[in-house]
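The values are calculated or read from the model by the stated rules, or taken from the named source; none is laboratory data. What you see is a predicted model, and the numbers here were worked out from it, not measured in a lab. Here the Cβ is made from the backbone with ideal geometry for all residues, glycine too, and neighbour counts use every protein chain on show.
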Amino acid sequence: MEKFRKLFNRNLKSKNDNEIFKTLPEICEKKERQVFNLHLNYKNQIKSAISLLCVSSLVLIGSFTLDYFENHENNLFSTESFSILVDGEEICKVRKSEILEPTIKEIETDIEKATNIDVVLENKFEITNSVAKDSEITSEENLYNVLKSKVKYKVLAYSINIDGQNVGIVESEQAANNLIESVKSYFTDNYEQSSIVAVNTVENVQIKQVKADNTQIKDPAEVKNYIIKGTNEEKKYIVEEGDTYWTIAGHYNMSLDELISANPTSDPERIQIGDELNLVVPKPFISVQVKRKIVQEEKVDYETSYEYVSYMYNDEETEKVKGEYGVSKIESIVTEQNGIQISKEVVTEEVIKSPKSRVVVTGTQDPPPKKGTGYFINPLPASSISSRFGSRSGGFHTGQDMAKASGSSIKAADGGTVIYAGWHGSYGLMVEIDHGGGFTTRYAHCSDIYVKSGDKVYQGKVIGAVGSTGVSTGPHLHFEVRKYGTAVNPANYIGVQYR
Ligand SMILES: [Zn+2]
């Protein structure tokens with residue numbers, strides 16, 4: 001046996017097992033041959049096992065690779081999938097057809113929980129065979145959202161009707177009521193809340209329970225906007241440098257009033273670059289009438305009473321007592337419709353300060369004819385001459401200065417036609433009268449004048465008041481007499497028949 005082992009070990013290094021087996025010496029005993037055979041079988045088994053392992057590794061690597069390509073985004077493979085159709089429209093693709101049913105059920109349950117009523121989905125769901133790459137497949141989680149955005153069901157909702165016209169459907173009665181209140185407050189927010197007596201709508205506004213598609217249910221804010229504007233149209237303008245309401249309105253063929261009414265919260269005088277203006281003129285579906293109690297103070301006019309004296313002409317008058325306005329407190333109910341006043345009703349009126357009558361003194365004499373008499377009277381009786389006609393400090397004084405208190409009455413020296421009444425350079429406020437026959441008179445530095453160009457005046461008519469307007473050092477009348485335009489000395493004409 002020992003001999004055999006040596007031989008075997010030597011041959012093992014150089015030859016394969018079959019050769020060893022063939023070259024086994026005859027001397028080997030039967031038993032030893034059996035042992036060797038056993039050994040050979042064992043070796044072959046190991047070999048087969050290794051081969052099997054290699055093959056299966058290849059298969060595994062292969063299938064892992066396939067799997068990799070299939071599970072990662074690539075353009076190589078389109079494999080079997082299922083298309084989900086909602087109401088005939090393909091909305092997505094999935095790998096497993098069996099996930100559709102439970103997802104629909106889950107959506108239905110969730111909606112029922114949220115709305116608290118039994119709902120039946122009204123969509124038609126279909127599933128068809130298709131092929132898709134992984135990138136085109138909708139995951140199970142996403143399928144829920146994709147389907148939910150498409151589902152339609154009927155729910156009990158609340159429709160807002162204005163004069164029978166449905167202007168929007170909201171999900172609850174509470175939301176509908178709040179919505180109508182918010183429309184009303186849109187038209188009342190600008191008012192002092194304590195002044196509001198009543199808020200009504202001209203139209204018949206009703207909230208009705210309706211069975212509606214969930215897709216018809218609107219956000220209350222959206223419905224509010226729609227009711228106020230009367231449209232869903234949106235058109236905005238961002239204010240740029242140099243813009244005014246006027247130019248913007250003109251550019252968009254709107255009237256100024258339209259642009260103002262489209263922007264009730266914006267002040268036309270204070271727009272700034274970057275401000276957003278609405279260009280859609282609102283035509284509200286609703287007319288909100290707001291009755292407000294307002295209290296205002298108003299001026300109460302005074303009366304004028306006359307006192308008659310014989311020494312004055314009947315077209316002359318002087319104020320003896322100055323009139324004073326009174327004040328009354330007026331409480332009224334003002335009705336405004338969508339912000340525009342439509343009526344005002346006075347409830348109470350209380351005079352809190354009485355007016356004081358004005359007393360005027362006037363004459364009883366008929367005035368003389370309004371034309372020149374040919375005789376000049378003193379235009380400012382009881383005055384003193386402060387500067388005479390003629391050469392004066394290197395110049396020439398073209399009239400006679402007559403000093404008297406500011407406000408004193410200046411009379412026309414003779415009748416005639418007023419040919420100038422107003423500011424006249426260094427003369428200040430001035431009146432010039434044409435008396436005919438080439439004679440005119442000028443009355444300068446007046447504080448006030450009571451006639452206008454073209455007026456016909458009689459002799460002695462009060463035409464103005466003494467003042468210090470123009471180039472003057474104090475209150476006085478600068479009186480001029482002109483003959484064919486040339487100034488002559490007034491001292492030679494006052495109290496004189498001049499023509
Ligand atoms: Zn003068």
**Item:** Count - residues of the range 105-141 that are touching a strand residue (DSSP E or B) at 6+ places or on another chain (Cβ under 8 Å) and not basic (Lys, Arg)
**Value:** 22
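The rows are residues; the columns are (1) crowded, with 19+ Cβ neighbours inside 10 Å; (2) part of a loop (DSSP other than H, G, I, E, B); (3) within 13 Å of the ligand (Cβ to nearest atom).
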residue	(1), (2), (3)
Thr362	no, no, no
Ala405	no, yes, no
Val418	yes, no, no
Ser426	no, no, yes
Val431	yes, no, no
Ala444	yes, no, yes
Gln459	yes, yes, no
Gly464	yes, no, no
**Request:** Please name all residue pairs, on different chains or six or more residues apart, with Cβ atoms under 9 Å, provided the first residue is in the range 380-400 and is free of Cβ contacts under 8 Å to residues at least 24 places away in the same chain and the second residue is assigned to a loop (DSSP other than H, G, I, E, B) and aromatic (Phe, Trp, Tyr).
**Result:** Phe396/Phe389; His397/Phe389
**Message:** Looking at Val155 and the list (1) in a helix (DSSP H, G or I); (2) surrounded by 16 or more Cβ atoms within 10 Å (Cβ to Cβ); (3) touching a residue at least 24 places away in the same chain (Cβ under 8 Å), which single condition is not satisfied?
**Reply:** (1)
**Item:** Unmet requirement for Thr128, which otherwise passes all of (1) assigned to a strand (DSSP E or B); (2) under 30 Å from Thr231 (Cα atoms); (3) at pLDDT 90 or above
**Value:** (2)
**Message:** Restricting to the range 110-125, and then to whatever is at pLDDT below 90 and over 43 Å from the mean Cα position of the chain (by Cα), can you tell me which residue is nearest to Tyr158 (Cα to Cα)?
**Reply:** Asp118
**Asked** Name the pairs whose Cβ atoms lie under 6 Å apart, with the first residue in the range 469-489 and at negative phi and of a type in the set (A, V, I, L, M, F, W, C), the second near the ligand (Cβ under 9 Å from one of its atoms) and not in a strand (DSSP E or B), and 6 or more positions between them or separate chains?
**Response** Phe479/Gly399; Ala487/Thr398
**Item:** Leading residue by the ranking (farthest from the ligand (Cβ to nearest atom)) among those in the range 388-403 that are of a type outside the set (Gly, Ala, Ser) and in a strand (DSSP E or B)
**Value:** Phe396
**Message:** Filter the range 446-457 down to the residues that are assigned to a loop (DSSP other than H, G, I, E, B) and under 53 Å from the mean Cα position of the chain (by Cα) and list them by number.
**Reply:** Ser447, Tyr450, Val451, Lys452, Ser453
**Asked** Out of Asn190, Asn232, which single residue is in contact with an Asp or Glu (Cβ under 9 Å, 6 or more places away or on another chain) and assigned to a loop (DSSP other than H, G, I, E, B)?
**Response** Asn232
